[in-house]
1. For LEU18 and ARG107, calculate 0.36 nm times their separation in residues minus their Cα-Cα distance, and state this gained length in nm to one decimal.
2. Provide Rg and Dmax in Å for the chain, with only Cα atoms included in the calculation.
3. To the nearest 20 Debye, how big is the dipole of region 423-574 about its Cα centre, given +1 on the beta carbon of each Lys and Arg and -1 on that of each Asp and Glu?
4. Among LEU399, LEU109, LEU280, rank each residue by its count of other Cβ atoms within 10 Å, from fewest to most, as a rough exposure measure.
5. Taking only DSSP H segments of four or more residues, each worth -39500 (n - 2.57), what value at 222 nm results for the chain once the sum is divided by all its residues, to the nearest 500 deg cm²/dmol?
6. Going by the alpha-carbon gyration tensor, a ≥ b ≥ c the square roots of its eigenvalues, is region 25-116 rounded (a/c under 1.5) or, if a/c is not under 1.5, prolate (a/b greater than b/c) versus oblate?
7. Taking the Cα centre of region 2-385 as the origin and placing charges on Cβ (Lys, Arg +1; Asp, Glu -1), which of CYS103, ALA336, SER219 is farthest toward the positive end of the dipole?
8. For a quick check: sort CYS93, CYS103 by the number of other beta carbons within 10 angstrom, fewest at the front.
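Read-outs throughout are calculated quantities, based only on the coordinates presented, and are distinct from any laboratory measurement. Since the structure is predicted, the reported quantities are computational estimates derived from the model, not experimental observations. Positions of Cβ are generated from backbone atoms using ideal geometry, with glycine treated the same way; all protein chains shown enter the neighbour counts.
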Amino acid sequence: MHNLDLIMTITGGFTAALLFGYLTHRLGMSTIVGYLLAGIAVGSHTPGFVADRAMAEQFAEIGVILLMFGVGLQFHLKELLEVRRVAIPGALCQSAVATLLSCLVARWLGWGWSAGIVFGFAVSVASTVVLLRVLVDNNEMHTPTGHIAVGWLVVEDILTVFLLVILPILFGAGTADSASLPAAIGISLAKIALLVGLTFWVGGRTIPWLLERVAATHSRELFTLTVLVLALGIAVASTKVFGVSMALGAFLAGMVVKQSDFSFRAASEALPMRDAFAVLFFVSVGMLFNPGHLMQEPGLVLITLVIILLGKPLAALTIVLVLRYAPRVALSVAVALAQIGEFSFILATAGKDMGVLGESGANTIVAAAIISISLNPLLYRLIGPLERRARHTRLWQILEARSKPHALGGEAVPGLHSVSRDRAIVVGYGPTGKTLVRLLVDNGVDPFVVEMNIHMVRQLQADGIGVIYGDATNRDTLCAAGIQDAVALILTSSGMQGSEETIQLAREINPRLRIIARTTYLRNIQTLREAGAEAVFSGEGEIALNMTEHMLRKLGATDEQISRERDRVRDELLGGSMTGLKVT
């Protein structure tokens, strides 16, 4: 019966998440809202099917670990350093303002200071998932707004990891009133420093070595399993050996993998597992929410929304303007951060587990998150009309005049490589790929190679050729290679698995892309063409053409006859797929 309950909980949770996630996506909202609503639907506070909350929470723990591993894997110190002048003081000041306002509200409601601080921390941190979605949907990722917002979130992520470590020390059982609290904090910080040192010193040497050995097996399953073992293993060891949160261990594991050549492959192949468990995390959070709380505590929910939708944005707006950024940038950053999400749930859950934050506070966090996440994309779309109205006002012109240029726009988003105007993505660096790369360079086209052979990747890196280790069938890999702004995609391997999927994905990302593919058999040409390839070359077809030309020359045919027969053979065998192709 226990196994049946487990299967029903997982099936019911995923099914509800699929239905509500699809619905919210169709409505132009974040799918996180759908997952939270799914949790409410399968929770004990609503009629119908009720999932086992204890089981869901156990899977949610894995979701938290993998979420934090993903944060570490996507952590970009360079991006933070580029915008440190605004991101660091901005994130810290905004978090302080939101926490202070929340503490005042908590004290007004009669809560303790500890509950107010945890509640304030949860309200202060924005959702990475929601912010990136908003930036991408509005084409702001490559702008100063995108750079500042991403850097801002990096600081908030670091702050969240620190809070998850320090909260049990400050508010855990038997420590809050202890006279030895400073000593306990000192010991804990020493353990954290030792964990960080060992992770980067030992892990920095052994993890890339291990991943390289597993990658050499060419087994996707083993590579995925290895990444999951690293994330979960280091997270568990962090708690068992060093007594710190599993979230910190997972974050550090992600950072170590990030420093290796396998970071993009880990993100593309292993982290889909993270998404699955993260869905269960959001569902489990929704199961905790009692819809009746909106009727019981409407004032608390409203005040919390005021802090999120007005207090936090006003603080961010002020900070960015004081640092003399353009008002458009300041307004965009402020609105993008006017929401809360996954880390708010993690902090609220930690506070609830420690007995610091009550049911009312946790319910308020979930309600405020659902509303703020739903409103954020809509609010962001109002920036353009608001700017056009405010552009002619005296205040806007003064702010515009006093703003100074900031060198942010020339850098690529972390993980993405700078893209030249004439870039061609070459998938595979075998004999054909090697020849194509040389010809592209000789003709002024910037090649960028996607390769699954780690030794070849390192050789190309040493030769100064742009390259990424990853699977071209994955969106993240193609985006990291710069497919959005490339002029061509060339699939050089005739035996590549997933060529059709790669072509369709590339065409979806960049409709203007010129796609050239290679296949072994003539029968595959039409399939690749229908997927979106402009030209398809077949090994069978090339052999037929060369043999025909050789035979005709031996029979004394003229160049005109040979050219005519070559065109006829090409039309018969290849359907003209090799004609009409000119490199510009």
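1. Working: separation 89, 0.36 × 89 = 32.04 nm, distance 3.96 nm.
Additional length available on full extension: 28.1 nm.
2. In order Rg, Dmax, the Cα atoms of the chain give 27.4, 102 Å.
3. Numbers: 17 positive and 21 negative charges, 32 e Å.
With Lys and Arg at +1 and Asp and Glu at -1, about 160 debye.
4. If I rank by nearby Cβ atoms, fewest first, I get LEU109, LEU399, LEU280.
5. Details: 28 runs with 390 residues, N = 584.
Helix contribution divided over all residues of the chain: -21500 deg cm²/dmol.
6. In terms of gyration-tensor shape, oblate.
7. Towards the positive end, the residue furthest out is ALA336.
8. Details: CYS93 15, CYS103 19.
Ranked by crowding around the Cβ, least crowded first: CYS93, CYS103.
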